[in-house]
Structures are given as structure tokens and as C-alpha cells.
């Protein structure tokens, strides 16, 4: 065989750690591209205290390019992980989170830095990640590695030490159960299982969210979602809203149950209204032990809604909120390259409902005022025949009646008190049930317009996405958590309030490529496409998105974030789906 194995007369299927070390040393001083021969092999078997199989999936183009990618397969029996941590998907997810942290610690990696060996280091939320997975009876670990070089010349001896000495040492410290913080691993598995158990009981108790007593909601800053270390007030439920739910082991805990329907969160500035909503927004994820939000869960279909001036809207039926526009422009298949705040917020709600959201989360600070409310004096001054916008307050009760609840933060207007089933006042970060008092001041009015209208799905057309960029047929890059490039198209995802990790953004980019290759042109609507992609990942694993070039830094996303990403393509073109959905 040509290349590296011609130097050692090896067959790739029987290559060992010793063979790899010999071959790497023989590459010393050669041009960096000679490393590429490593991709031609079927991997290397490592014996010793941690037996594993190493595959080199991708070799970086040069020393300054994104790092190389490694896949390690370790027999479960070699790890010593007990059965109870693998008994369900949620505990496995927590375990994998802990193993990723342990490996990061073993490599000396403190953040997503430029160390020689890197793993996709997890944060506060417990997510499925491509970097650590259990597949059958094997633990699969995917790492990034910066192969040693001096300029553009291979440092073969250093490469041998990296892959044949340092890598096994990292595994010895990072995956062998008896060498790990066993208590922390068990706590992570328990947190993941408890969060799922609590969320699974919401519907049976007629709830859309739950905040456990003792939770600590404030964060360190707007860019640091770790818990505030000092002066954080523990959550204590008002008696009228206190409910009991069971954790995964049957232990009962108390907390605030937020019921289905319309809930208004009120209170003075700096008293914790938006902090509560932010915690609920993150309640679609499980959190690590000690985060303070481990016991905060909400309906898994919850979507954070906000105005987004300037976004593109493609073929969305805005007629529930916006009637015919001047010059007779229709809104039942509305397209705009520069949507206003009210139009963009209406589109965000319709798009969320299209995917099946049962809970909308809205903060007045990031909402369009003219979309949220329209007071009586303004209605008298500007008649309904001159105002195409039906404000959300006129529709929120209908949505609740059809199964979609709303939690809205409002501090500057009493309007939503007239439609709120529950009113929670935040007083110095402590919740108070003021529903009765609010309804004494502002009586309930009920719905002001008719039934929620049926809407149709949208079918993306094949020309909606072109992933080609220059000579590359498939180009996708996550610049940041909220910036994505696909082909020559730039996507601004800053309005996706439940996107928490750049690895999710990378996965969304790969999902768009998967959609382009498999689902555009199949006459599927947006909801069907998103469901199909998630089904593919569940059944075939992360590799289904990357065409077997295993990517070590992808993380789970929901159908709602995938839909929102697809909808923000400025090249998106759609046609109405036949039939109607409610």
C-alpha cells in the first residue's frame, strides 16, 4: 500500500499502536500533507490497561487549519461503568456529559482552546453530543487533535508521543470509572433523569412549567449562564401555586406549577420577571447539578418569541394577525426581505405553531408593542378598518383554547391582566400569586375575536438552498453560536433564544446540508422535513449529517431551532402545502 504503510509493510486492518509509532517517526521531517496517509487506514488497535481502537477520520490540511479528527472505540467492559448509569437514554446523556468533562480535564483543556487534544467541552445544559456516545457495548469518543509540525514539516516523534503515549494516558484518566469522580457522574445521570421525569408529569397535572422550591434562578451575567454565586435568593412557591411532582426515583418535591392557559408575570423593574422567564426558556433542557435550575422544567415544545426587525419571511400565513395591507397586498402567503418588528413577531409565532408548539414565551422588553397591545383610545382614533394588525392580546385566548399556552412578562401595561388566567408578581425575586387582586382591578374579558383560523404548511422549493461556495460543493461554517454560513448565505440566528451552544449551531448547519441533499424536492412541508431529520439522527446517529466524516463537535437541537434556521434563509422559497393544519 502506498504512503505511510509502505514504510512498515503493514496491512491496515492489523496495525497496532507500535506500528503507528514506527510509521509516524519515519514521517519526521516530511511535508505536512504526508499525514494524510493516516486517513487511508482502517485504524489502529491499542492494548494495555485501556484497550481501544483509534480511527483517524480526517487530517487537517496544514498546521494552521482546523484540527484533525479522531474516533476512539472502547469496550464497555474496559471502562467499568455500572449498569444503572446506562439503563435509559437520559442517564446515559448525563453520564456522557460527565465523561466529556473528565476527558477535557485530562487533556488540560479549560475552554475550547488550542490544546493539542480537544473535546467538545459541555457547559450548563446536558445535551446529546457527538463527542461522547454509547453505541451498543462500546463507548465512542471523538476528539480533535493538532498534529505536531515545525512550520509545514512533520514532527514525527512528537506525533508518536501525542497519539501513542498522551492519548492512552488521557483515556486512562478520563474514562475509567474507578479513576473518576463517581459521585459527580451519578449526580449528572440523576439530574438528567429527574429533569425528564418532572417534564413528563406536566401534562398530567395540567401544567406547562414547574419551578422547584430552592431553585436559584439568577445568572452571573448576560454572557455567562453559570449561577450567580452570591446574593441569589432561593425560590419559594406561593401556597396557591405549590404542587408536588416526583423525581425519577419516586422522591416527591414541591414547587410552583404554572398552569395551562395565559400566565402574566408582573412586577417592578429589577425584581426578577425576566430572570424567571429566562429560566423557563431554558427549561426545555436538563441542567448540571449545582446549576440552580435543575428543577426548572417547561413543556418540551416551548418556544421563545421576540420581534426581529429586518429578518426575511417566506410564504408565511400572517392572516391570523395581519389583515390585507395597503394596495391590496395579501398576508396569507406573506414574503418580505425586511420585516418590521410586528410582522417578524407574528411570523415567529405562526412558524412555531407550524412545528407544534404548545407554549409561547414572550417578554415585553423584546416584543413589538404595536403587535402585543392596542389600547382603547388608539382603537377609537384609528379604526379597525385602517389598522391591519390584530394584536396578540386579541388572539392569546384562542390559542390557549386550542392547546397553546402563553407566558408573558409585562410590567408597563395592565392589558394582559384582562386575559391572564394566572398572574404572578415578582417581588425581590420572590413569586406572589396576585391573580385575584389583578382580576379585581381588571376583570377578565375573554376572547375578543372568533376562533383561531386554520393555516397551511409550507413546502420549501429545491432552489431554496445552495451549499456550494467557490470550488467546494458543501460549505458550512458556524462563526459563532448565532452566526452560520451555508454556501454563500449568511444566517443571523440571534433571535433563537433557546440556542445555547455553538455545537448546536454546527449541527444545524450540517442539518441544512442534509435537507438539501435528501428532502428538498420531495414535496414535504417544513414540519415534515424537521421531523424527518430528527428521525434520521435518532436512527443512524450523528454521522448521517456528515457523510461519514465524523464531526466531533455537534450537539442536539430541537425541531423548533431547525425550523427557525431554515426559515431565516434569505434564499428560502416555499409553496403552500395542500390541505390545512390547525
- prompt: Tell me, what is the percent relative contact order of the chain, built from C-alpha pairs under 8 Å that lie six or more residues apart?
  reply: 13
query: Rg and Dmax of the range 94-153, Cα atoms, in Å?
result: 13.1, 42
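Taking the range 106-218 on its own, what percent of its Cα-Cα pair distances exceed 16 Å?
Across the range 106-218, Cα pairs with separations above 16 Å total 74 percent.
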- prompt: Which FRET efficiency value, to the nearest 0.05, do you get for residue 87 and residue 437 by plugging their Cβ-Cβ distance into 1/(1 + (r/R0)^6) with R0 = 35 Å?
  reply: 0.15
task: Let me have the relative contact order for the range 3-180, percent, based on Cα pairs under 8 Å that are six or more residues apart.
output: 27
statement: Exposure-ranked with fewest Cβ neighbours within 10 Å first, 442, 262 stand as 442, 262
field: Correct choice for semi-axes √(5λ) of the Cα gyration tensor in Å that was computed from the model, options (i) 54, 25, 23; (ii) 66, 34, 23; (iii) 48, 29, 18
entry: (iii)
- prompt: Roughly speaking, what is the stretch gain from residue 494 to residue 309, that is 0.36 nm per residue apart minus the C-alpha to C-alpha distance, in nm to one decimal?
  reply: 65.4 nm
query: Over what distance in Å are the Cα centres of the range 111-178 and the range 462-519 separated?
result: 26
field: Gained length - residue 16 relative to residue 153, 0.36 nm times residue gap less alpha-carbon distance
entry: 46.9 nm
field: Counting DSSP beta bridges with both ends in the chain, the antiparallel % (nearest 5)
entry: 75
- request: Report, for the range 3-180, the % of DSSP beta bridges that are antiparallel, rounded to 5.
  value: 95
message: Just want the ordering: 44, 334, 557, from fewest to most Cβ atoms lying within 10 Å of their own Cβ.
response: 334, 44, 557
field: Whole-angstrom gap from the range 319-379 to the range 526-582, using each part's C-alpha centre
entry: 24
task: Using R₀ = 35 Å, calculate the FRET efficiency as 1/(1 + (r/R₀)^6) where r is the Cβ-Cβ separation of residue 451 and residue 205; round to 0.05.
output: 0.80
- request: Give the calculated FRET efficiency between residue 137 and residue 463 to the nearest 0.05, with a Förster radius of 35 Å applied to their Cβ-Cβ distance.
  value: 0.15
message: Output the 0 to 90 degree angle, nearest 10, between the alpha-carbon long axis of helix 341-355 and the longest principal axis computed from the alpha carbons of the chain.
response: 70
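Bear in mind that the values in this text are calculations on the coordinates, not laboratory data. None of these values were measured; they are calculated from a predicted model. Note: ideal-geometry Cβ built from the backbone for every residue, glycine included; neighbour counts use all protein chains shown.
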